[in-house]
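First the structure, in the form of structure tokens, and then the observations on it.
Just so it is clear, none of the values below were taken in a lab; they were calculated from the coordinates. Every value quoted in this text rests on a predicted model; they were computed, and no experiment measured them. Reconstructed Cβ throughout: ideal geometry from the backbone, glycine too, with neighbour counts over all protein chains shown.
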Amino acid sequence: MMYFHFKNKLFLFSILSFVVFFFILNYQTYASSCTVLKDKHFSFYERKMKELNIADPPYSVFNFSTEVSSDHDIIQDELEKKEKKAMRRFKYDLDEKRDRSSKMLDKLLSSAIDFF
């Protein structure tokens with residue numbers, strides 16, 4: 001009797017797990033098919049907009065030129081900042097080299113005076 005009861009539970013568990021697996025599998029295929037449909041719908045919308053020569057949002061030559069000029073200004077500002085930073089670094093390095101060379105020259109001259 002107990003064996004039959006255990007067998008029944010095992011059978012019910014296997015049926016239940018199969019049903020859950022089937023629902024999960026079905027849901028995944030449904031979700032993936034919905035995204036494909038949404039993408040197709042969006043591409044259809046884009047194609048129709050392109051055929052009608054409608055920009056979304058309306059984009060004109062003026063918009064493009066102002067965007068390009070602002071990008072150009074931003075790039076110029078960044079280049080100027082980098083150039084100023086490089087010049088500061090170069091001047092600092094030059095000052096450091098000058099100080100080191102003057103110290104080395106002082107040592108050399110003082111040791112030469114001591115030698116003679």
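Some notes on this structure:
- A search for C-beta distances below 7 Å between a residue of the range 78-105 that is touching a residue at least 12 places away in the same chain (Cβ under 8 Å) and any residue that is part of a helix (DSSP H, G or I) and exposed (fewer than 10 other Cβ atoms within 10 Å of the Cβ), counting only pairs 6+ apart in sequence or on different chains, returns nothing.
- Count of residues meeting criterion [loosely packed, with under 10 Cβ neighbours inside 10 Å and in a helix (DSSP H, G or I)] in the range 60-110: 2
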